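Note sheet for the following structure.
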Number of protein chains: 2
Amino acid sequence: MKLLVVGSIALDNIQTPFGNEKRSLGGSAIFTSMVSNNFCQTGLVGIVGEDFPKEYIELLSNNNIDLKDLSIVPGKTFHWSGKYDNFNTAETIVTDLNVFANFNPILNWENKQSEYLFLGNIDPILQLKVLDQMENVKITACDTMNYWIMRSRENLLKVIKKVDFLFINEEELRMLTKEQNIFQAADEALKMGSKHIIVKRGEYGSFIYTADFIFFMPVFPVKKVIDPTGAGDSFAGGFMGFLASEGKYDELSIKKAMIYGTITASFCVESFSIKRIKELTLSDILNRKQEIEKKIFL
Amino acid sequence: MKLLVVGSIALDNIQTPFGNEKRSLGGSAIFTSMVSNNFCQTGLVGIVGEDFPKEYIELLSNNNIDLKDLSIVPGKTFHWSGKYDNFNTAETIVTDLNVFANFNPILNWENKQSEYLFLGNIDPILQLKVLDQMENVKITACDTMNYWIMRSRENLLKVIKKVDFLFINEEELRMLTKEQNIFQAADEALKMGSKHIIVKRGEYGSFIYTADFIFFMPVFPVKKVIDPTGAGDSFAGGFMGFLASEGKYDELSIKKAMIYGTITASFCVESFSIKRIKELTLSDILNRKQEIEKKIFL
């Protein structure tokens with residue numbers, strides 16, 4: 001089945017204790033689609049400026065990512081510059097929206113038929129607009145951030161009501177629900193209408209919270225985290241990609257998807273940008289699956 | 001097999017967002033032994049003053065905790081007063097060592113024969129002294145804290161070299177090893193000589209790190225944490241109590257012990273002091289075991 005991925009595409013400047021990267025490929029839609037293509041047919045919906053390097057287009061294309069809904073327009077590509085002192089939170093130095101400020105996703109008829117949809121962290125108005133265009137969608141998921149929780153709460157709540165999976169980090173979940181206890185917060189988020197809440201906890205892993213079950217995942221133990229940028233989106237790529245490849249989403253498939261998301265996120269943080277995930281093979285993923293299962297199951 | 005538990009016994013004043021408690025029963029040896037007696041024969045080694053309430057002695061005694069090495073001496077019992085604003089770190093308001101300042105554990109000949117030993121967080125010199133008195137011990141474990149890491153590093157390193165299990169929280173592990181990455185820090189701690197490092201991560205659970213395997217545990221999801229005091233010691237009580245009841249410590253037993261520790265800690269935090277754990281039954285523990293296994297295994 002096909003997964004459609006909507007989100008930002010960026011040229012990032014990143015500083016971590018292990019070095020600096022300039023104009024490296026980033027953005028939520030990039031991390032998610034560069035991972036999900038290992039599992040399923042993937043379409044990308046996004047916008048870039050004329051400065052967007054041709055080699056990046058080729059890279060996406062060579063990874064069999066469908067670029068019919070990638071708009072290339074006059075102007076500059078979205079730019080984010082950030083710094084990590086520890087690896088749990090980034091300090092944003094610059095956000096230049098550039099052409100992303102005018103992002104208005106209009107889907108090609110073929111993409112409208114996608115059965116799986118991942119809405120990366122963008123304006124909830126745009127997330128709603130994409131949702132409205134889907135004609136055959138079975139499973140939908142969204143991510144968000146503190147900015148939209150504070151500035152566009154009403155629209156975000158409409159999105160949450162419509163999607164099957166809400167990806168959110170702990171701090172955002174507490175902000176969204178005004179609950180401190182993380183499990184009570186997840187309860188509140190369920191009441192908002194999303195069937196499954198996937199709570200991202202950085203170096204502490206993640207858990208999925210539903211009315212029927214909870215399932216916890218630690219991180220895969222990475223001894224040298226080089227750059228955490230995109231970890232959450234890579235998680236979503238592994239999770240949604242696996243579900244799309246399964247074609248079902250019963251409890252067992254969802255739990256397995258949590259494992260695949262954890263694994264793909266672990267590869268992401270081992271290098272700057274998409275350096276590691278662009279080399280990813282199914283056998284890399286399956287090897288790490290075997291390794292992590294020993295660390296979490298009896 | 002018998003577990004000997006050495007540590008502090010305190011009368012605590014505790015403030016949390018859910019209320020205040022005065023002169024409630026606390027201290028590492030109390031939480032550990034009040035839990036471990038559900039699994040195995042337990043002996044307590046500690047010191048209290050003449051002000052120590054008789055009802056507490058009876059409570060320990062009624063829980064079949066062997067008190068041969070409980071010293072009751074003139075003076076006041078160790079007193080700790082602390083406050084929690086969030087549930088991950090306590091702010092210490094008062095520490096009155098009182099009679100605990102003169103704690104000098106001399107073991108009864110019967111306790112010297114115990115096969116299992118848990119050294120709660122006390123001066124490493126005393127931990128060494130107890131270790132030296134053990135005549136038939138099979139499995140030993142210790143806990144510690146930032147104070148000893150900074151002030152008594154050499155003696156603490158001697159203890160770590162001798163014990164089978166080191167219980168330590170994340171911050172302390174980073175301080176002990178001077179490594180930021182938690183898995184590298186655990187590697188360093190292994191090099192110090194303890195065979196197994198159990199890293200406690202508060203609301204994020206724990207993991208055990210050995211040369212042969214790693215095993216992660218989330219917390220049992222408690223929706224209303226009333227008082228986290230003693231959670232780590234209750235974890236140790238469930239862990240060591242289960243191992244002592246098994247009489248072996250292969251990989252599978254250790255992983256199961258991690259589950260039992262997680263469960264007993266989850267009961268501890270649901271009430272002030274030992275209110276919940278003093279009511280604990282094996283069937284409570286087994287019910288929660290079934291529940292948590294659904295949340296962590298496929």
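No lab work stands behind these numbers, since they all come straight from the coordinates. Note that this is a predicted model, so its numbers are computed, not measured. Cβ sites come from the backbone with ideal geometry, for glycine too, and all protein chains shown count toward neighbours.
By other beta-carbon atoms within 10 Å, ranking B:Phe118, A:Phe183, A:Phe242, A:Phe167 with the fewest at the front produces A:Phe183, A:Phe242, A:Phe167, B:Phe118. If you find the alpha carbon centre of the stretch B:66-127 and of the stretch B:210-271, how far apart are they in angstrom? Each part's Cα centre sits 21 Å from the other's. When all alpha carbon pairs of the protein assembly as shown are counted in 20 Å bins from zero, the resulting P(r) reads 20, 47, 26, 7, 0 %. Looking at the stretch A:2-296, send over the antiparallel percent of its DSSP beta bridges, to the nearest 5. Around 40 percent antiparallel, to the nearest 5. Oblate is the label for the stretch A:76-124, because a/c, from the alpha-carbon gyration tensor with a ≥ b ≥ c as root eigenvalues, is 1.5 or above and a/b does not exceed b/c.
Taking the number of Cβ atoms within 10 Å of each Cβ as an exposure proxy, the fewest-first ranking of A:Glu135, B:Glu21 is A:Glu135, B:Glu21. What percentage of all Cα-Cα pairs in the stretch A:87-157 are separated by more than 21 Å? Of all Cα-Cα pairs in the stretch A:87-157, 35 percent lie more than 21 Å apart. Entry note, chain B: relative contact order of 18 percent, from Cα contacts under 8 Å with a spacing of 6+ residues. At q = 0.07, 0.10, 0.12 Å⁻¹ the log10 of I(q)/I(0) for the stretch A:2-296 amounts to -0.22, -0.47, -0.70, computed by Debye summation with a single uniform scatterer per C-alpha, solvent ignored.
Helix-derived [θ] at 222 nm for chain B: sum -39500 (n - 2.57) over DSSP H runs of at least 4, divide by residue count, nearest 500?
-11500 deg cm²/dmol
Applying 1/(1 + (r/R0)^6) with R0 = 35 Å to the Cβ-Cβ distance of A:Glu293 and A:Val94 gives a FRET efficiency near 0.30. Note on B:Lys158: lysines with a C-alpha under 17 Å away, same-chain residues under 8 apart excluded, are B:Lys129, B:Lys191, B:Lys195. Computed from the Cα positions only, the extents of the stretch B:23-153 along the three principal axes stand at 42, 38, 30 Å, in decreasing order. The loop-placed GluC sites (Glu not before Pro) in the stretch A:200-290, going by DSSP, include none that has at most 12 neighbouring Cβ atoms within 10 Å of its Cβ. Placing a pseudo-label 7 Å from each Cα along the Cα-to-Cβ vector at B:Lys54 and B:Arg153 gives an inter-label distance of 5.0 nm.
Here the residues B:Met145, B:Met217, ranked from fewest to most Cβ neighbours within 10 Å of their Cβ, fall in the order B:Met145, B:Met217. 3J(HN,Hα) couplings calculated from phi for the stretch A:147-154 with the Karplus curve 6.51 cos²θ - 1.76 cosθ + 1.60 (θ = phi - 60°) are, in sequence order, 3, 6, 4, 7, 9, 9, 4, 4 Hz; Gly and Pro show x.
Once every Cα of the stretch A:147-194 carries one equal point scatterer and solvent is ignored, give the base-10 log of I(q)/I(0) from the Debye formula at q = 0.27, 0.32 Å⁻¹, two decimals. The calculated log intensity ratios at q = 0.27, 0.32 Å⁻¹ are -1.08, -1.36. Does the stretch B:231-298 come out rounded, prolate or oblate, given a ≥ b ≥ c as the square roots of the eigenvalues of its C-alpha gyration tensor, rounded meaning a/c under 1.5 and, failing that, prolate meaning a/b above b/c? It is oblate, given that a/c is not under 1.5 and a/b is not larger than b/c. Overall shape of the stretch A:91-246 was characterised from the C-alpha gyration tensor. The equivalent ellipsoid obtained from it has semi-axes of 23, 19, 18 Å, in decreasing order.
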